[in-house]
1. Can you give the log10 of the normalised intensity I(q)/I(0) at q = 0.13 Å⁻¹, computed with Debye over equal Cα scatterers of the stretch 112-227?
2. Amide H to amide H under 5 Å from Arg176: which residues, 5+ apart in sequence or cross-chain, H placed 1.01 Å off N in plane?
3. Hey, fewest Cβ within 10 Å first, where do Ser40, Ser202 land in order?
4. Give me the base-10 log of I(q)/I(0) for the stretch 191-252 at each q in 0.23 Å⁻¹, Debye formula, one uniform scatterer per Cα, rounded to two decimals.
5. What's the exposure ranking of Ser264, Ser232, going from fewest to most Cβ atoms within 10 Å?
6. Pull up the cross-link candidates among the lysines for Lys83, meaning alpha carbon to alpha carbon under 30 Å and not fewer than 8 places away within one chain.
7. As a check on your grasp of the helix formula, calculate [θ] at 222 nm for the chain: sum -39500 (n - 2.57) over DSSP H runs of n ≥ 4, divide by the residue count, round to the nearest 500.
8. Figure the gain on full extension for Ile66 and Glu296 (residue separation times 0.36 nm, minus the Cα-Cα span) and round it to one decimal in nm.
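A short reminder: the numbers here are calculations on the coordinates, not readings from a lab. Note that the structure is predicted; figures quoted are calculated from it, not measured. So basically every Cβ, Gly included, is an ideal-geometry build from the backbone, and we count neighbours across all protein chains shown.
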Amino acid sequence: MAGREGDEPVVPRSYHGRTMVETVRSARRPWDRAGILEESSPQRLYLELLKGVLTRYAFGETKRLIEPAKGTRQRLLYLPVKKLLGALGVQLVRPVRFDRGAREIGIDWPPDAETMIGLTGLDMLEYCATDVLRLKVPGDFIETGVWRGGAAIFMRAVLEAYGDRDRVVWAADSFRGLPKPDPSHDTDVEDALWRYPRLAISLEEVRANFERYGLLDDRVRFLVGWFHETLSTAPIERLALLRLDGDLYESTMVALEALYPKLSGGGYVIVDDYHAVRGCRNAVDEFRARHRITEEIVQTDWARVFWRRER
Ligand SMILES: C[S@@+](CC[C@H](N)C(=O)[O-])C[C@H]1O[C@@H](n2cnc3c(N)ncnc32)[C@H](O)[C@@H]1O
């Protein structure tokens, strides 16, 4: 996850000498050398509209559920109050300021939106997914770490838009949040994300989100459980698109080890947190060095990268 907790995301002010929002706006999609996202067609209009809706960029968000982190004193006080108010049909919410710049580059944790990867994250996903369809690269699409499902919903939408009838979208998650960090990975040890209830989204909620967009069918398959339990034995034959969004060193490494060997030549690996989370970057760099992967890493915004497997 590239984003930040809270309503006022801390956007680093300088990125190659300019603010990140300025950089992304002025140089949106310079990596789209094939001009895929320039095209104007009914499919692209549908996908553009979907980006605005899945991120809520199109209409903003004004309130957030109050949910103190696990293991805090506030949470002990909060749980009985939540239960009492719940029985009366009342939710604990507070007003939030909607930051369009943050949502554009996917740096905040949205109250309601189905994805936190922002417009730039969905742009590069569209680019990679459309390119493999255009070039007929064989294989399914997978996201490891789906949260509310938005990026995986978007993958299914790309297949629908371009009339693909064969590929499957795999959605892998614990559906109960991040694991407690394994102390043997020193970059993960301090990570507190497992404490955040708002990162623990149930399978029922994710299925309902797919359904909301008319995109839940037998070509969406859920891999439920910790990655180390599900990914290596998943009945996946081939992949054309591998989107990694599990944040931690361990989550990234387990996914690469289990799934990279199944990625077709011409397929893409997308890493959501390469420039945002040190553990994630270490896992990618170690994996690439160990397997002598030299394909160019392309940075598409402040956090996200992809590379295209050549061989
Ligand atoms: C940042 S969120 C993903 C955001 C999402 N891709 C989106 O479009 O907004 C990270 C997700 O990874 C999942 N996750 C992280 N590590 C995991 C692991 N080792 N096993 C299973 N799920 C994991 C969490 O449950 C969480 O839903």
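1. Treating every Cα as an identical point scatterer, log10 I(q)/I(0) equals -0.54.
2. Amide H neighbours of Arg176: Ile201.
3. Working: Ser40 8, Ser202 11.
Least crowded to most crowded, the residues run Ser40, Ser202.
4. So the normalised log intensities work out to -1.31.
5. On the way: Ser264 16, Ser232 12.
Neighbour counts put them in this order, fewest first: Ser232, Ser264.
6. Once the sequence-local lysines are set aside, what remains near Lys83 is Lys63, Lys70, Lys180.
7. Details: 10 runs with 108 residues, N = 311.
Value at 222 nm, helices only, nearest 500: -10500 deg cm²/dmol.
8. On the way: separation 230, 0.36 × 230 = 82.80 nm, distance 4.21 nm.
Length gained between Ile66 and Glu296: 78.6 nm.
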